[in-house]
Amino acid sequence: MSSGSADAAVSAGRPVKGIEQEIRAQLVARFGDRLREAQVVRPQVARIVIDRKDLVEVCTYLKEALAFEHLSCITAVDWKDHFEGIYHVSNWHNGCVVQVTAHIPLDDPRIDSVVPLWNAANYHEREAWDLMGVVYEGHPKLERILLPKDFKFHPLRKDFAQEVDRQYISRRKLKGGK
Amino acid sequence: MPEFWINMGPQHPMTHGLWNMRVKVDGETIVDAEPEIGYLHRGYEKIMEVREFQKNVVLTDRLCYVSSITWSHAYCLAVEKMMGIEVPERGQWIRVLSLELQRVASHLMWLASYGPDLGLLTGLLWALRERELFLDLLQLLTGMRMNQNFPRVGGVRNDVPENFDAMCRRSVGYFLGKLDGYERIFHDSKVFLMRTQGVGKISAADAIDWGVTGPNLRACGINVDLRRLDPYEVYEEVDFEPQVWKGTDGGDSYARFICRFNELRESCRIILEVVEKMPTTGAYRIRQPRRAEGEGFAHTEDSRGEALFYVAGDGDDRPYRVKIRSPVFSTMAATPLLLRGNKLADVVAILGSVDVCVGEMDK
């Protein structure tokens with residue numbers, strides 16, 4: 001299935017120093033100003049910010065040219081004025097992790113699915129849809145996974161209120177007052 | 001025969017928690033499978049948004065009640081990355097010590113539940129007996145047997161007690177002597193070998209593609225251990241060998257058993273090394289900023305695979321968003337591949353070798 005797995009079996013399992021600079025440079029060379037941001041966060045971790053329309057292209061490049069075979073995690077963040085789809089992909093050969101942040105508009109929370117690239121995305125996208133309500137287009141089975149099937153809301157959105165805004169015990173309460 | 005679906009769960013001795021494995025059988029052979037999860041969903045990611053950074057440690061402990069410290073440590077690490085603070089060296093050593101004690105306790109719990117799955121009731125009794133040694137050590141260190149609430153953002157809660165290194169040496173030495181007996185009851189049992197070897201196979205390429213991590217991935221012969229590949233805390237200074245399946249026919253229940261079992265020895269080796277090398281003086285905790293802005297993530301080698309926390313802050317004293325990546329959640333997506341083509345009676349033996357913890361899977 002994935003091309004580099006034979007190499008992974010013989011990889012030393014050790015990090016490669018300075019790999020994050022190299023990966024960042026390669027991404028910048030390939031995508032240029034389509035990357036809104038491209039930084040090195042810390043050793044072995046790079047971070048790029050893109051628009052949602054470039055997601056599949058960037059992920060395909062990461063997987064096929066740069067051997068990022070492992071998709072760690074997919075999540076979404078509700079920033080009230082827009083959504084962010086956040087993808088953590090890892091390279092098992094050199095220990096590099098790239099965090100891909102894709103901007104999704106608030107009024108149209110849709111983004112392309114990456115299940116064709118990594119099957120691991122299947123459950124993570126289902127979970128992100130279930131809890132955050134971001135629609136992953138092209139996902140084979142976009143159904144509720146953690147919440148009941150007849151649940152009507154996407155509870156991790158910020159407009160889904162909790163019982164309390166802040167878990168807080170006042171001194172007065174501790175002394176027995178209200 | 002006509003094919004039909006069988007529900008194994010949500011109440012089933014195999015599940016070790018509350019979830020449902022639906023399997024489609026043709027006679028006795030499994031043709032398809034589908035896990036149904038979410039029975040234990042408690043909305044952790046949402047609850048954490050109204051609690052302060054430090055208070056969330058209590059919650060993350062309860063993600064996996066068998067392996068609390070590894071989870072709260074992963075959370076603290078992610079928050080520290082966001083705040084840009086670093087734990088003092090001695091704090092890092094204490095963390096590694098507590099992590100490895102917890103890992104042994106967690107693997108022993110897995111061994112204890114895996115034995116009865118295969119009819120080896122002795123495994124349950126022996127493994128739980130020896131787990132007490134490590135729970136006692138954890139109790140000495142943290143004051144708790146379960147849900148220790150030990151790591152803190154910026155360090156650990158308290159210093160190691162007096163004479164703790166000697167106690168570690170004594171308990172670990174005793175345990176290492178007992179481990180040979182364990183090997184005998186499992187490896188010399190013909191029933192055990194028949195029910196695990198060649199059963200529940202997954203190829204290395206599929207395992208990577210489906211996001212399988214930890215001992216389950218190393219059982220496919222892939223040398224990935226985040227303690228080595230992306231070292232955190234002081235794991236770089238500790239000399240240990242990630243347990244990888246060496247042969248060519250890995251990926252079955254037996255290989256998963258061997259990798260996990262050998263990790264018991266390896267973790268004991270780390271514990272002994274840490275009490276040897278740990279500095280005896282110095283700070284174990286620094287004061288963390290109360291408010292934080294930005295984002296940070298950390299991924300660590302949990303007992304069951306890669307645990308990842310992504311934390312975002314908006315300048316308040318609470319996280320704006322927390323994402324928990326559970327290794328069992330990802331492995332669960334790959335279980336249909338493990339099960340297809342095997343017999344119905346082997347479902348228990350296969351899923352036991354994966355080491356399912358529902359608490360962290362459902363969050």
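Laboratory data are not the source of any read-out in this text; all were calculated from the coordinates shown. Computed from a predicted structure; not experimentally measured. Using ideal geometry, Cβ is built from the backbone for each residue, glycine included, and neighbour counts are taken over all protein chains shown.
Points worth noting:
- Over region B:22-83, the Kirkwood radius and the radius of gyration, each from Cα atoms, give a ratio Rg/Rh of 1.25.
- Members of A:LYS17/B:LYS55; A:LYS149/B:LYS323; A:LYS63/A:LYS141; A:LYS53/A:LYS141 lying beyond 25 Å, as alpha-carbon distances in this model show: A:LYS17/B:LYS55
- Region A:68-163, Rg to Rh (Cα coordinates; Rh as Kirkwood inverse mean 1/r): 0.99
- Global geometry of the protein assembly as shown, whether rounded, prolate or oblate, following the gyration tensor of its Cα atoms and the 1.5 cut on a/c: rounded
- Overall form of region B:207-297 per C-alpha gyration tensor (a/c, 1.5; a/b vs b/c): oblate
- The C-alpha atoms of chain B occupy a region whose extents along the principal axes are 66, 47, 33 Å, arranged from largest to smallest.
- 5 angstrom amide H check on B:GLU293, placed H, neighbours 5+ away: B:GLY315
- Among B:34-42, A:85-93, A:129-137, the order from most to least packed when residues are scored by Cβ within 10 Å on average: A:85-93, A:129-137, B:34-42
- For region B:1-140, convex hull of alpha carbons as volume per residue, Å³: 144
- Shape category assigned to region B:246-331 from the gyration tensor of Cα positions, a/c cut at 1.5: oblate
- Local electrostatic count at B:ARG260 - Lys and Arg +1, Asp and Glu -1, tallied over other residues with Cβ under 12 Å: +2
- Counts of other chain beta carbons within 10 angstrom of each beta carbon in peptide B:321-333 average 5.
- Measuring r between the beta carbons of B:ILE6 and B:LEU179 and using R0 = 41 Å, the FRET efficiency lands at 0.65.
- Two tests apply to each whole DSSP H helix in chain B, Cα reach of 20 Å or more along its axis and mean Kyte-Doolittle hydropathy of at least -1.0, and the ones passing both are B:68-83, B:89-117, B:121-142, B:164-187, B:253-277.
- With only the Cα atoms considered, region A:5-174 has a convex hull volume of 176 Å³ per residue.
- The alpha-carbon of B:LYS201 sits under 17 angstrom from the alpha-carbons of these lysines, leaving out residues fewer than 8 places away in its chain: B:LYS246, B:LYS343.
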